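Report on one structure; see the data block that follows.
The values are calculated or read from the model by the stated rules, or taken from the named source; none is laboratory data. Keep in mind that this is a model prediction, so the values were computed, not measured. Here Cβ is always computed from backbone atoms with ideal geometry, including for glycine, and neighbour counts include all displayed protein chains. Ligands, DNA and RNA are stripped out before the accessible areas are found, and what is left, the full protein with its side chains, is counted by its heavy atoms. Shrake-Rupley method; radii C 1.70, N 1.55, O 1.52, S 1.80 Å.
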Amino acid sequence: MQVRFKVVRQNQNSSPSIQTYTLEVEPGNTILDCLNRIKWEQDGTLAFRKNCRNTICGSCSMRIDGRSALACKENVGSELARLEQIAAQAAQVPAQEGQDALLKNKGGQDAPPRTPADGIPEITIAPMGNMPVIKDLVVDMASFWNNLQAVDPYVSTGARQVPEREFLQTPEERAQLNQTGNCILCGACYSECNAREVNPEFVGPHALAKAYRMVADSRDDQTESRLEQYNQGTAGVWGCTRCYYCNAVCPMEVAPMDQIGKIKQEILERKNAQDSRQIRHRKVLINLVKEGGWIDERKFGLQVVGNSFRDIKGLASLGPLGLRMLAKRKFPLSFEPSEGAAVVRSLIESVQNLEQQSAQESQENPEKL
Ligand code: SF4
Ligand code: SF4
Ligand code: FES
């Protein structure tokens with residue numbers, strides 16, 4: 001079958017342009033196979049990273065039809081099927097605006113037309129986001145590595161009792177590290193992270209997934225200082241806007257957003273002050289979801305960081321972030337409650353009632369604990 005590849009090409013500090021290459025391919029060919037053939041048979045100047053060709057090294061991350069993925073993992077057949085599914089979903093959305101939103105890639109390019117004029121399907125390839133382009137599909141990953149370094153991603157051996165022996169773990173302790181240990185540092189999550197897009201302080205999902213790996217590691221003796229560090233401002237876990245993109249694109253199912261949630265839980269379990277920003281964060285989140293079915297982002301920062309106009313310093317710190325969000329069109333100017341708000345509210349209330357009952361029972365019968 002013939003497939004047309006639209007590759008976004010760019011030199012450092014210049015504007016991108018799209019170059020088109022057509023190949024005769026099999027559905028099972030990976031996107032990386034196709035890029036190799038383009039480079040070897042049609043255009044030796046095309047630049048992209050690759051190494052293992054086996055979903056191991058993490059080198060070949062790029063945006064394929066609008067979402068970051070490994071070029072050696074995705075193949076032509078499954079990619080075209082995915083595009084057809086997106087187009088079919090878009091066709092079911094009545095308003096033209098809704099269709100445009102569904103078809104719009106996160107990378108800013110429009111998805112391929114549902115029926116290309118000449119019948120040749122198209123796949124669009126672009127460099128990863130949130131990192132400057134060096135050439136074509138090769139991005140400068142310096143900030144990605146620096147942010148990883150910032151979370152101190154090494155097991156501290158201070159707790160080792162007998163330095164010359166192996167530091168043993170039980171199988172259960174080792175199992176705690178399986179999911180986060182799968183990270184191949186490909187950068188896909190970082191590329192799609194909405195928080196990184198507007199907040200240059202935020203270390204990113206890959207770094208925080210690694211941070212949780214350190215917190216969960218039974219050999220590490222720096223848990224308290226690590227939690228203190230990951231709890232700082234919006235650089236650590238509280239900078240995440242829970243957009244879920246990192247979970248959605250991670251090719252190794254590391255689920256960075258879930259790991260961020262686990263760090264938050266560890267922090268909250270150590271906090272007694274009901275008025276701390278962290279506790280407020282969780283309370284405001286629940287109250288806003290109860291109110292509108294989903295989060296009204298306009299109120300969220302004001303109520304958490306600005307403590308409902310009571311924390312002047314916190315309020316002032318929101319200014320620059322708000323401006324950056326406005327500039328990137330990430331700041332919602334209006335809020336529409338979810339259609340299912342009543343159902344969401346009743347679910348939350350049921351859980352809260354159950355929690356209250358169980359707390360009451362524990363007080364009345366402490367021996368049951
Ligand atoms: S968490 Fe997943 S997406 Fe992010 S760098 Fe690791 S493997 Fe890649
Ligand atoms: S869930 Fe958080 S860390 Fe993950 S991509 Fe969204 S903002 Fe970034
Ligand atoms: S080339 Fe190594 S992960 Fe794709």
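Miscellaneous remarks
- Residue match in the range 28-39 (condition: open to solvent by less than 70 Å² (accessible area, probe 1.4 Å) and in a loop (DSSP other than H, G, I, E, B)): yes
- Selected residue [more than 16 Å from ligand 1 (Cβ to nearest atom) and within 19 Å of V155 (Cβ to Cβ)] from E224, E201: E224
- Residue list for the range 206-234, filter: under 19 Å from R282 (Cβ atoms) and outside any helix (DSSP H, G or I): N231, Q232, G233, T234
- For the range 132-149, a residue qualifies if it is open to solvent by less than 50 Å² (accessible area, probe 1.4 Å) and under 18 Å from A235 (Cβ atoms), and the qualifying residues are A142, S143, F144, N147, L148.
- Cβ-Cβ contacts under 9 Å between residues 6 or more apart (or on different chains), taken from a first residue in the range 80-92 that is over 18 Å from I125 (Cβ atoms) to a second residue that is in a helix (DSSP H, G or I) and open to solvent by 40 Å² or more (accessible area, probe 1.4 Å), are listed as A87/L102; Q89/L102; A90/D100; A90/A101; A90/L102.
- Residues of the range 344-357 satisfying the condition of being among the hydrophobic types (A, V, I, L, M, F, W, C) and either closer than 17 Å to R282 by Cβ or surrounded by 11 or more Cβ atoms within 10 Å (Cβ to Cβ) (or both): V344, L347, I348, V351
- Count of residues meeting criterion [in a helix (DSSP H, G or I) and either closer than 12 Å to A207 by Cβ or within 15 Å of ligand 3 (Cβ to nearest atom) (or both)] in the range 177-194: 5
- Breaking point among (1) open to solvent by 50 Å² or more (accessible area, probe 1.4 Å); (2) in contact with a helix residue (DSSP H, G or I) (Cβ under 9 Å, 6 or more places away or on another chain); (3) modelled with pLDDT of 90 or more, for Q232: (3)
- Subset tally (residues that are open to solvent by 90 Å² or more (accessible area, probe 1.4 Å), in a helix (DSSP H, G or I) and either of a type outside the set (V, I, T) or touching an Asp or Glu at 6+ places or on another chain (Cβ under 6 Å) (or both)) for the range 309-323: 2
- Taken over the range 119-130, the criterion of being open to solvent by less than 20 Å² (accessible area, probe 1.4 Å) and either under 19 Å from L32 (Cβ atoms) or not assigned by TED's automatic domain parsing to the domain that holds L80 (or both) is satisfied by I123, T124, I125, A126, P127, M128.
- Residue match in the range 248-266 (condition: over 16 Å from the mean Cα position of the chain (by Cα) and open to solvent by 20 Å² or more (accessible area, probe 1.4 Å)): yes
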